[in-house]
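The values are calculated or read from the model by the stated rules, or taken from the named source; none is laboratory data. This structure is a prediction, so every number in the text was calculated from the model and none was measured. Virtual Cβ from ideal backbone geometry, glycine too; neighbours counted across all protein chains shown. Accessible surface is based on the protein model in full, side chains and every heavy atom, while ligands, DNA and RNA are left aside. Shrake-Rupley method; radii C 1.70, N 1.55, O 1.52, S 1.80 Å.
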Amino acid sequence: MNARDAAEGVAETKGLPVGIIHIRSALKRTVTVASVATAVALAATAPASGINSYNAAPAPERTEVGALIATWDNDGNPATPDRVDWVCSGTMVDADTFLTAAHCTTDWPDNVKFYVSLDQDVQSGLDSATAAHPGDPAAVAAAVGVPGQAHSDPGYPGPASDPHDISVIQLPAKQMKARWSFTPATLPTANQLAALGPQTLNSTSFMVAGYGTQEADRGPGGQTHPGGGVRMKAPVTFNALNDAWVRLAMTAPQGNGGACYGDSGGPNFATINGRLTLVATTITGDTPCYATNVSYRLDTPSARSFLTPFVTLP
Ligand SMILES: [Ca+2]
């Protein structure tokens with residue numbers, strides 16, 4: 001029951017009442033901050049990559065996929081932000097709306113501020129900016145991202161049957177356009193996944209993308225999840241569909257890759273009628289990130305109701 005949150009994954013802490021297994025975002029609560037630092041330290045020393053290492057590839061062409069960056073208080077003086085890091089993944093769904101997961105945007109210290117970056121290598125950008133602006137997390141965040149306003153589904157956290165684990169960051173469209181060239185993702189029509197039926201879903205091509213870490217690396221110090229902070233993609237295959245979730249197989253021998261910690265909120269695309277469609281967002285999965293990505297459907301009445309004020313739905 002953990003989020004696909006890099007910190008929580010490393011710490012093996014208890015998760016939110018959301019998923020079936022592990023939630024896949026990168027960090028947010030005080031209890032997880034230390035382990036995020038560990039994940040970041042690993043990311044700085046390991047070859048930069050996210051998603052799982054097997055069957056994965058960099059995704060520079062996925063210009064709409066970005067990283068969620070946060071600055072927050074870590075010393076009890078909320079007047080000053082003390083920390084900055086990438087924490088989750090997400091996708092631009094129109095000129096000013098970045099879609100991510102509610103477990104990425106809730107339960108932060110009061111002075112949290114969110115930024116979105118569509119850079120390919122956010123980790124290197126953060127490293128350079130940290131060297132250039134020591135002790136100034138706000139300047140570091142601004143060097144890699146554009147600040148925005150989070151809107152989390154007020155129904156979050158709901159029951160596992162529908163956790164309402166969805167949120168958006170509203171961004172200044174002009175600043176986004178000035179900084180990056182991107183084509184917003186195509187959202188699904190109402191009930192589009194269910195309408196396809198299991199036989200078609202089995203033969204549908206799925207792909208997951210994000211900035212998350214790699215699968216578990218079992219070393220002498222225990223499990224770690226190296227990598228992260230770079231936009232990656234991997235093929236996944238249909239496993240099961242229910243009211244709120246689509247489960248996607250990430251088994252290496254079948255040629256799949258998969259999502260891990262830090263990929264939360266990131267896109268799960270399906271190619272439907274030849275069109276890459278953002279059908280679900282990464283939320284949770286198995287602890288070591290070898291088996292299943294459990295993703296929140298975007299074609300449901302619940303998700304569509306949340307998204308309606310922010311983006312024109314097909
Ligand atoms: Ca502070």
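You will find that of V122, V87, the residue that is within 16 Å of the chain's Cα centre (by Cα), under 30 Å from D243 (Cα atoms) and either open to solvent by less than 20 Å² (accessible area, probe 1.4 Å) or within 16 Å of the ligand (Cβ to nearest atom) (or both) is V87 and no other.
Residues checked against (1) under 14 Å from T213 (Cα atoms); (2) open to solvent by 30 Å² or more (accessible area, probe 1.4 Å); (3) assigned to a loop (DSSP other than H, G, I, E, B); (4) at pLDDT below 90:
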residue	(1), (2), (3), (4)
N256	no, no, yes, yes
V279	no, no, no, no
T282	yes, no, no, no
V294	no, no, no, no
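Could you check, for region 183-192, whether at least one of its residues is outside any loop (DSSP other than H, G, I, E, B), touching a strand residue (DSSP E or B) at 6+ places or on another chain (Cβ under 6 Å) and touching a residue at least 12 places away in the same chain (Cβ under 8 Å)? Checked region 183-192: at least one residue is outside any loop (DSSP other than H, G, I, E, B), touching a strand residue (DSSP E or B) at 6+ places or on another chain (Cβ under 6 Å) and touching a residue at least 12 places away in the same chain (Cβ under 8 Å).
A132 meets all of the listed conditions (1) of a type in the set (A, V, I, L, M, F, W, C); (2) touching a residue at least 60 places away in the same chain (Cβ under 8 Å); (3) over 21 Å from S167 (Cβ atoms); (4) surrounded by fewer than 23 Cβ atoms within 10 Å (Cβ to Cβ) but one, namely (2). Examine region 171-186 for a residue that is open to solvent by 20 Å² or more (accessible area, probe 1.4 Å) and at positive phi, and state whether such a residue exists. Looking through region 171-186, none of the residues is open to solvent by 20 Å² or more (accessible area, probe 1.4 Å) and at positive phi. Of all residues in region 242-254, those satisfying the criterion of being open to solvent by less than 10 Å² (accessible area, probe 1.4 Å) and of a type outside the set (F, W, Y) are A244, V246, L248, M250. When region 205-218 is filtered for residues that are at pLDDT 75 or above and open to solvent by 20 Å² or more (accessible area, probe 1.4 Å), the ones remaining, listed by number, are S205, M207. The C-beta contact set for region 72-83 (first residue within 15 Å of D107 (Cα to Cα), second residue in a loop (DSSP other than H, G, I, E, B) and aromatic (F, W, Y), distance under 6 angstrom, 6+ apart or interchain) comprises W72/W108.
Determine which member of the set D107, D75 is outside any helix (DSSP H, G or I), away from the ligand (no atom under 12 Å from the Cβ) and open to solvent by 60 Å² or more (accessible area, probe 1.4 Å).
Every option except D107 fails the conditions.
Selection of region 296-305 for residues being small (G, A, S) and open to solvent by 10 Å² or more (accessible area, probe 1.4 Å) yields S302, S305. Do you know which residues across region 230-243 are assigned to a loop (DSSP other than H, G, I, E, B) and farther than 20 Å from A185 by Cα? Answer for region 230-243, where residues must be assigned to a loop (DSSP other than H, G, I, E, B) and farther than 20 Å from A185 by Cα: N242, D243. Could you tell me which residue of region 50-72 is most open to solvent (accessible area, probe 1.4 Å), considering only residues that are assigned to a strand (DSSP E or B) and away from the ligand (no atom under 13 Å from the Cβ)? Ranking the candidates gives P58 first. Is it fair to say C260 is crowded, with 24+ Cβ neighbours inside 10 Å and modelled with pLDDT under 85? Spelling it out, it is not the case that C260 is crowded, with 24+ Cβ neighbours inside 10 Å and modelled with pLDDT under 85.
Every listed requirement among (1) in contact with a helix residue (DSSP H, G or I) (Cβ under 9 Å, 6 or more places away or on another chain); (2) of a type outside the set (F, W, Y); (3) open to solvent by less than 50 Å² (accessible area, probe 1.4 Å); (4) within 21 Å of L307 (Cα to Cα) is met by A190 save one, (3).
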